[in-house]
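Chemist: My structure is below; once you've seen it, I'll send some questions.
Taken together, the values in this text are just the output of simple stated rules run on the coordinates, not laboratory data. The shown structure was predicted, so the numbers you read here are calculated from the model rather than taken from an experiment. Because the Cβ atoms are built from the backbone with ideal geometry, glycine has one as well, and the counts that use them run over all protein chains shown.
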Amino acid sequence: MSALTIALPKGRLLPHALAVLEAIGLDVRELRGATRKLIVADTKHDARFLLLKPFDVATFVEYGAADWGIVGQDVLLENESDLFEPLTLPFGFCRIALAARRERAQTDWRLETALRVASKYPRLTRKFFVERGWSVEIIPLHGSIEIAPALGLSDLVVDIVDTGRTLKENGLVELETLGQAQAALIVNRASHALRFREIQNVLDAVKRATRAP
Ligand code: PRP
């Protein structure tokens, strides 16, 4: 049997994800170092790790390039990937919020026309506005969303908010919450069926390590 392949998100969830892997007995020392390798093996425990952009974690797991992974539910909400999500994990808590420039906090946005909304969650953003019957133009971005209103690129933004510092320091205020998210463990559907015992061992160990329900 080949090694289990585990997809990990680079960025803010990575230190928490590595702590989980370490707690279940995997060797993550190389990942904690300054490696530029994108595939790192833990041969002793028959595992290998992929270091990916958060949105790509869901894609690698969905298509079976990884057996399981750790990702934010914001990514799952946006991507609607076909995968198994057996566990939430106790970190990465955030909300997905609509925000505007502080000076425009009192604007009645329903009266505005030709609104532009910048987001790295274009699908969720579209759904939110369609449900309200508002016609908006979505400007898809991949990061630093909060600077778009100050530069006239958009009127509004939809992005994740954790501490709220990024909004505040970029002169934005939260108008509405679109949803809540936290980290989740995801499993490829075929791996779950074909490598059931190994995957179940991982899930049991992660549950014990994180006391997830
Ligand atoms: C995320 C998000 C916000 C920020 C929110 O960005 O897109 O910019 O974190 O966190 P806060 O409320 O604690 O300030 P991230 O750092 O993941 O990078 P990104 O700009 O590339 O999306």
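Chemist: Kindly indicate the residue of region 77-96 that is touching a helix residue (DSSP H, G or I) at 6+ places or on another chain (Cβ under 8 Å) and under 12 Å from residue 179 (Cα atoms) and also farthest from the ligand (Cβ to nearest atom) among those meeting that condition. Talk me through it step by step, then tell me what you get.
Modeler: Within region 77-96, the first condition is being touching a helix residue (DSSP H, G or I) at 6+ places or on another chain (Cβ under 8 Å), and the residues that meet it are 77-92, 94, 96.
Subset that is under 12 Å from residue 179 (Cα atoms): 77-78, 94, 96.
Numbers: 77: 14, 78: 12, 94: 7, 96: 10 Å.
The selected residue is 77.
Chemist: How many residues are outside any strand (DSSP E or B) and either within 13 Å of the ligand (Cβ to nearest atom) or surrounded by 21 or more Cβ atoms within 10 Å (Cβ to Cβ) (or both) when one looks only at region 180-198? Full working, then the answer.
Modeler: Of all residues in region 180-198, those outside any strand (DSSP E or B) come to 182, 188-198.
Narrowing further to those that are either within 13 Å of the ligand (Cβ to nearest atom) or surrounded by 21 or more Cβ atoms within 10 Å (Cβ to Cβ) (or both): 188.
Residues in region 180-198 being outside any strand (DSSP E or B) and either within 13 Å of the ligand (Cβ to nearest atom) or surrounded by 21 or more Cβ atoms within 10 Å (Cβ to Cβ) (or both): 1 in total.
Chemist: While we're looking at this one, here's another question. Out of 125, 177, 166, which single residue is part of a strand (DSSP E or B) and of a type in the set (Ser, Thr, Tyr)?
Modeler: Numbers: 125 fails: part of a strand (DSSP E or B); 166 fails: part of a strand (DSSP E or B).
So the residue among 125, 177, 166 that is part of a strand (DSSP E or B) and of a type in the set (Ser, Thr, Tyr) is 177.
Chemist: Within region 162-172, identify whether any single residue is under 27 Å from residue 69 (Cβ atoms), within 16 Å of the ligand (Cβ to nearest atom), within 20 Å of the chain's Cα centre (by Cα) and touching a residue at least 12 places away in the same chain (Cβ under 8 Å), and answer yes or no. Give the derivation first.
Modeler: Looking only at region 162-172, we keep the residues that are under 27 Å from residue 69 (Cβ atoms), and these are 162-163, 166.
Imposing the further condition that a residue be within 16 Å of the ligand (Cβ to nearest atom) reduces the set to 162-163, 166.
Cutting the leftovers down to within 20 Å of the chain's Cα centre (by Cα) gives us 162-163, 166.
From what's left, touching a residue at least 12 places away in the same chain (Cβ under 8 Å): 162, 166.
Scanning region 162-172 turns up at least one residue that is under 27 Å from residue 69 (Cβ atoms), within 16 Å of the ligand (Cβ to nearest atom), within 20 Å of the chain's Cα centre (by Cα) and touching a residue at least 12 places away in the same chain (Cβ under 8 Å).
Chemist: Another question, if that's okay. Identify, please: which residue in region 145-154 is crowded, with 21+ Cβ neighbours inside 10 Å and part of a loop (DSSP other than H, G, I, E, B) and is, among those, nearest to the ligand (Cβ to nearest atom)?
Modeler: The residue in question is 148.
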